[in-house]
1. What are the residues in the stretch 236-281 that are touching a strand residue (DSSP E or B) at 6+ places or on another chain (Cβ under 7 Å), touching a residue at least 40 places away in the same chain (Cβ under 8 Å) and among the β-branched types (Val, Ile, Thr), if any?
2. Can you pull out every residue in the stretch 239-253 that is crowded, with 18+ Cβ neighbours inside 10 Å and either outside any strand (DSSP E or B) or of a type in the set (A, V, I, L, M) (or both)?
3. Let me confirm something: among LEU295, LEU314, LEU271, which residue is within 26 Å of THR172 (Cβ to Cβ), in contact with a helix residue (DSSP H, G or I) (Cβ under 9 Å, 6 or more places away or on another chain) and of a type outside the set (Lys, Arg)?
4. Does ALA225 count as in contact with a strand residue (DSSP E or B) (Cβ under 8 Å, 6 or more places away or on another chain), within 9 Å of the ligand (Cβ to nearest atom), in the same structural domain as SER333 (by TED's automatic domain parsing) and in contact (Cβ under 8 Å) with a residue 12 or more places away in the chain?
5. Taking interchain pairs and intrachain pairs at least six residues apart, which have beta carbon atoms under 7 angstrom, with the first residue in the stretch 65-87 and more than 17 Å from VAL98 (Cβ to Cβ) and the second among the basic types (Lys, Arg) and surrounded by fewer than 21 Cβ atoms within 10 Å (Cβ to Cβ)?
6. Only residues in the stretch 198-213 that are at positive phi and near the ligand (Cβ under 9 Å from one of its atoms) count as the first member; pair them with residues that are β-branched (Val, Ile, Thr) and assigned to a helix (DSSP H, G or I), Cβ under 6 angstrom, at least 6 apart or cross-chain, and list the lot.
7. Which one of the conditions (1) within 15 Å of the ligand (Cβ to nearest atom); (2) in a helix (DSSP H, G or I); (3) of a type in the set (A, V, I, L, M, F, W, C) does VAL299 fail to meet, given that it meets all the rest?
Amino acid sequence: MPTRSPALVLLDLLNGYRVTQALYVAARLGIADRLATGPKTSGELARASGAHAGALRRLLRALVSFGVFAEDAGDRFALTELGALLRDNVPGSLRAGVIFYGDPRHWKAWSKLEESVSSGETVWGPRAAHAFFEMNAKDPEGAAIFNAAMTAFTSAVDAAVVAAYDFSRFATLVDVGGGQGALISSILRANPDLRGVLFDIPPVVEGARARVAGAGLTDRLQLVAGDVFTSVPPGGDAYLLKWVIHDWDDDQSLTILRNCHRAMPADGRLLLAERVVPERIDQTADTQSIVLADLNMLVLTGGHERTATEYGVLLDRAGFTLTRIVPTPTPLSMIEAKRA
Ligand code: SAH
């Protein structure tokens, strides 16, 4: 096959937001769930979802070109392996993540990337992650979209985290900023002797309650609401923070890490599950997802994705020693530290 010219390669790259929006509309219209029972024509799908038949067919054919749906000669569309991930409420579903990316809140924020690159501040201004989470607090629909997306993204990687790191040597694991509890629930299911504490802001903990009860973990998982900038619950011998430190600048991160330090026993372990930025950027899909997540932190929260060296320095300043970084087969790594 002839190589694609640089111009065509660059034009391909430009398509990113169109693909995002196409996936978003398919997710919103529930197309994947409507195909769960078998292939359907674009007319049937349009009637069921209230869309314009001709326009929906164009959307579906666009997504066929990316392998999200398959089309047969009879204008019938079917799920593929990728399309199946757009179903709702199935294990591994990424529908909530797609809706978060395509939602006008997120998409409008990214339309101001140029402002962030000029100012070095988030699109909400200098108050950074506080502004993002305060805005969420005033916008229950936006918060629900965010929390559901975190749960979906975490569910896509939690098996890899559980397999890569041995949690069985701990008695009590505190998941700080643990969201709706997807990760700690998976870890507890895989480690039957482990107890857990899920710590997050009050509305998120409330939202986690029903899920935890549904997972049959109420006797081993305690839910605690609070503010990580004030204190974190004592009593754990390991403190896990997944996608928390990356939301914050170095000063804010130090406050959080020092609060964990204060809550921990002398031989406790701190575990940061984060995307570690390679010291030198390569062109793998994992690296691309890490550096784009870093831009997302610039735009939305004022945090950073950090390199191993940067994590080492930050941990050192908070009174920890980085002991090792355990990779997983996903862009997520487990950064392990002990009290210095
Ligand atoms: N660990 C989860 C969620 C990551 S998103 C996961 O990986 O899926 C960051 C989390 O930090 C959110 O759940 C958010 O509600 C929580 N958070 C933000 N500010 C907080 C605060 N001041 N105190 C406690 N948790 C906070």
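1. Selection gives VAL244, ILE245, VAL276.
2. Matches in the stretch 239-253: LEU240, LEU241, TRP243, VAL244, ILE245, HIS246, ASP247, TRP248, GLN252, SER253.
3. Sole residue among the options that is within 26 Å of THR172 (Cβ to Cβ), in contact with a helix residue (DSSP H, G or I) (Cβ under 9 Å, 6 or more places away or on another chain) and of a type outside the set (Lys, Arg): LEU314.
4. It is true that ALA225 is in contact with a strand residue (DSSP E or B) (Cβ under 8 Å, 6 or more places away or on another chain), within 9 Å of the ligand (Cβ to nearest atom), in the same structural domain as SER333 (by TED's automatic domain parsing) and in contact (Cβ under 8 Å) with a residue 12 or more places away in the chain.
5. GLU71/ARG61; ARG76/LYS40; PHE77/LYS40
6. Cβ pairs passing all conditions: none.
7. (1)
Here's the yes/no breakdown for (1) over 17 Å from PHE153 (Cβ atoms); (2) hydroxyl-bearing (Ser, Thr, Tyr):
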| residue | (1), (2) |
| --- | --- |
| THR218 | yes, yes |
| PRO233 | yes, no |
| TRP248 | yes, no |
| ARG258 | yes, no |
| ARG262 | yes, no |
| ASP267 | yes, no |
| MET297 | no, no |
| THR307 | yes, yes |
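The values are calculated or read from the model by the stated rules, or taken from the named source; none is laboratory data. Computed from a prediction, not measured in an experiment: that's the story for all the values here. Reconstructed Cβ throughout: ideal geometry from the backbone, glycine too, with neighbour counts over all protein chains shown.
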